[in-house]
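This structure is in structure tokens; I'll ask about it shortly.
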Amino acid sequence: MSLFTPPIDTKADQAELSPLRKALQECKTAFSLMAFITFVTNILGIVPTLYMMNMYDRVLSSKSGVTLISLMVLVIGVYLFWSALEWIRNRIMIRISLRIDWDLAAKAFDASFRRNAGRRKVNIQQVMGDLLTLRQFLTGRSLIAVVDAPFSIIYIIVGGLIHPLLAAFSFASTFIVGVIAVMNRKVATPALRAANEASGEATRLAAQSLRYAETATAMGMLPAIRNRWHEKHRWFLQHQVNGSEASGLMGWVGGVVSKMMPSIQMALGIFLAIQGVITGGMVIAATFLVSRSVGPIKSLISNWKDVVNARLAFERLDQLLLEDEKREQRMSLPAPTGRLALSEVQACPPESKQVVLNHVDFSLEPGEALAVIGPNAAGKSSMLKVLLGLWKPSSGSVRLDGVEMSDWNHDELGPHLGYVPQEADLFEATIAENIARLNVVDSEKVVAAAKAAGVHEVILGFPEGYDTFLGDAGFALSGGQAQRVCIARALYGDPKLVVLDEPNAKLDESAETELMMTLRDLKAKGVTVVFTTHRPRLLAVADYLLVLKASEQVGFGPIKEMLAKLNTQKKDPVAADVKPKLQAVSETKPAPGAQEQGASK
């Protein structure tokens with residue numbers, strides 16, 4: 001379909017196609033059949049003209065009832081065949097649109113999800129809306145208008161068979177209307193593109209604000225949020241008005257031209273008839289021919305807004321799916337053991353040039369635990385995102401079992417990773433489904449993960465135990481309970497690398513003790529553990545300490561060595577911040593039985 005995808009000549013070009021272009025390419029036979037049917041229906045569109053011409057020139061002059069009935073039967077048969085072809089064409093278009101949706105809906109959702117996880121702007125509502133726009137375009141009159149437009153030449157050729165002047169006039173009419181269509185595209189498309197982008201941004205901002213509705217309402221922030229949204233909305237309205245007015249102006253010019261053309265054509269036909277060059281029936285036929293030649297272009301102009309929207313939707317989907325396809329087409333790799341190495345890592349947030357992590361260099365073997373500390377905005381959470389492969393480093397490397405993290409397929413690697421974010425991000429599902437990572441619930445694994453996280457007894461105390469439903473309309477967990485369920489989710493299955501971002505921030509002393517025992521158990525099982533914390537007690541389970549300040553690594557090594565080193569740096573502000581924590585660690589005693597339990601394992 002030339003409107004969207006160029007012809008494919010080589011296998012190399014085929015390999016570069018996005019999933020969207022591949023899906024359209026696989027429908028090439030159906031598109032070809034639809035184009036052939038369109039060609040036939042346009043040929044049949046000549047029949048009413050010929051019917052009218054014969055009625056005037058033969059039936060009226062001969063007054064033959066047999067000719068009249070014969071022509072009527074013939075034209076009725078043609079109309080039935082014509083309508084059947086259009087019905088078949090519509091069925092083909094519906095099947096194409098369903099095929100596109102079946103092939104791409106899940107991929108578009110996955111691509112949006114991964115893009116959002118990398119902190120790149122994406123509006124899932126717009127993505128799904130783009131897919132709907134494309135599907136509706138493939139089943140609507142807009143696509144027919146695009147396909148019909150080139151066949152205007154058929155009616156110009158027929159006009160030439162009657163008289164060359166009629167063909168010339170039809171060609172001039174079609175050319176003028178075509179120029180108007182091109183001008184419409186030049187003027188309206190940029191404004192409509194900007195309007196679509198502004199609308200998507202306004203919708204994204206509104207959806208983001210709704211997530212914090214309680215806080216905003218309680219603190220009287222609604223007017224400020226509304227003003228921010230309304231500014232985006234006004235920007236969208238301005239572009240939409242500009243695009244619609246430009247399109248409307250071109251449409252008005254096209255409408256004036258298309259209304260005048262049949263009358264001028266008839267005057268030309270009458271003039272030729274007066275000269276005795278053509279018959280009266282040909283005059284009527286000429287009027288119909290100019291309408292038929294200009295009609296597809298008029299239809300294209302009236303549907304141009306839908307064509308532009310479909311093209312913009314195609315471009316957004318094409319770019320999104322192509323980026324995601326390149327990221328996910330990776331070879332399957334063996335399950336990792338947990339050997340982690342970061343080498344001179346520098347990183348910036350996606351779509352930003354601000355360095356949030358610099359010169360980070362360390363390595364861990366399976367069964368070792370690393371604690372990451374530092375003041376606020378030191379880059380701790382950013383380092384975890386880079387470590388998990390959510391952000392790609394701008395320089396340096398992050399390797400798991402010797403493989404660059406960006407080379408792993410996350411769908412395959414995910415079950416071998418455990419992650420606890422700063423804010424509990426439980427989904428609208430039961431507790432068991434959340435712990436099972438929304439997969440089919442394996443009761444034994446779910447209970448084992450909950451016990452490993454020390455939250456099994458807590459869950460049994462909920463209204464429906466593991467079947468307690470969470471969400472806006474479900475059971476509300478406290479901050480500490482939600483954090484412990486997230487820890488259980490991170491331990492589900494058999495993870496080889498567990499990453500925790502301040503996992504004890506909302507835990508009381510007893511829950512923190514349970515967490516320390518959990519981390520010791522993970523180390524005993526050969527699991528690599530990385531965690532950030534601002535509370536010194538959890539550092540007692542770490543083998544190594546990484547200190548960050550102002551996005552840079554300022555220290556790394558065993559905790560005892562770090563303590564000895566920082567004791568000599570009394571005037572260093574980082575040492576002043578870290579030293580009390582390290583001293584607290586040295587004075588912290590393991591929970592009763594914890595040391596023996598870790599040794600027995």
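Tell me yes or no: at least one residue of segment 341-348 is modelled with pLDDT under 90, assigned to a helix (DSSP H, G or I), in contact with a Pro (Cβ under 9 Å, 6 or more places away or on another chain) and crowded, with 21+ Cβ neighbours inside 10 Å.
No, because not a single residue in segment 341-348 is modelled with pLDDT under 90, assigned to a helix (DSSP H, G or I), in contact with a Pro (Cβ under 9 Å, 6 or more places away or on another chain) and crowded, with 21+ Cβ neighbours inside 10 Å.
Quick one: how many residues across segment 220-237 are without any contact (Cβ under 8 Å) to a residue 12 or more places away in the chain and open to solvent by 100 Å² or more (accessible area, probe 1.4 Å)?
The number of residues fulfilling the criteria is 4.
Report yes if TRP235 is at pLDDT below 75 and in a helix (DSSP H, G or I), otherwise no.
The answer is no for TRP235.
Name, by its number, the condition in (1) over 17 Å from GLY338 (Cβ atoms); (2) in a helix (DSSP H, G or I) that does not hold for PRO415.
(1)
Right, here's the next one. What are the pairs with Cβ atoms under 9 angstrom where one residue, in segment 40-53, is among the aliphatic types (A, V, I, L, M) and the other, located anywhere, is assigned to a loop (DSSP other than H, G, I, E, B) and open to solvent by 50 Å² or more (accessible area, probe 1.4 Å)? Sequence gap at least six, or different chains.
Short answer, once both residue conditions are applied: MET53/THR279.
To continue, here is another question. Among LYS259, LYS305, which is the only one that is closer than 29 Å to ALA188 by Cβ and either β-branched (Val, Ile, Thr) or surrounded by fewer than 18 Cβ atoms within 10 Å (Cβ to Cβ) (or both)?
Result: LYS259 is the single residue among LYS259, LYS305 that is closer than 29 Å to ALA188 by Cβ and either β-branched (Val, Ile, Thr) or surrounded by fewer than 18 Cβ atoms within 10 Å (Cβ to Cβ) (or both).
Got a number for residues in segment 267-302 being hydroxyl-bearing (Ser, Thr, Tyr), open to solvent by 50 Å² or more (accessible area, probe 1.4 Å) and modelled with pLDDT under 75?
Going through segment 267-302 one residue at a time, the tally reaches 2.
Determine which member of the set ARG292, ARG316, ARG311 is among the charged types (D, E, K, R), farther than 30 Å from PHE175 by Cβ and either touching a helix residue (DSSP H, G or I) at 6+ places or on another chain (Cβ under 6 Å) or in a helix (DSSP H, G or I) (or both).
Only one candidate passes the filter, namely ARG316.
Taking the stated definitions as given, is SER61 exposed (fewer than 13 other Cβ atoms within 10 Å of the Cβ), under 19 Å from ILE162 (Cβ atoms) and more than 31 Å from the chain's Cα centre (by Cα)?
When the stated conditions are applied, SER61 passes them.
Here is a further query. If you go through segment 350-381, how many residues are open to solvent by 20 Å² or more (accessible area, probe 1.4 Å) and not β-branched (Val, Ile, Thr)?
16
Quick one: in segment 142-192, which of the residues that are without any contact (Cβ under 8 Å) to a residue 12 or more places away in the chain and closer than 20 Å to MET260 by Cβ is surrounded by the fewest Cβ atoms within 10 Å (Cβ to Cβ)?
Ranking the candidates gives VAL182 first.
Let me ask something else about it. The conditions are (1) over 31 Å from the mean Cα position of the chain (by Cα); (2) touching a residue at least 60 places away in the same chain (Cβ under 8 Å), and SER510 fails exactly one of them. Which is it?
Going through (1) over 31 Å from the mean Cα position of the chain (by Cα); (2) touching a residue at least 60 places away in the same chain (Cβ under 8 Å) one by one, SER510 breaks only (2).
The values are calculated or read from the model by the stated rules, or taken from the named source; none is laboratory data. The structure presented is a predicted model; accordingly, all values stated were derived computationally and were not measured. For neighbour counting, all protein chains shown are included, and Cβ atoms are generated from backbone atoms with ideal geometry for every residue, glycine included. Each accessible area value is taken on the protein alone, full model and side chains, heavy atoms only, with ligands, DNA and RNA left out. Shrake-Rupley method; radii C 1.70, N 1.55, O 1.52, S 1.80 Å.
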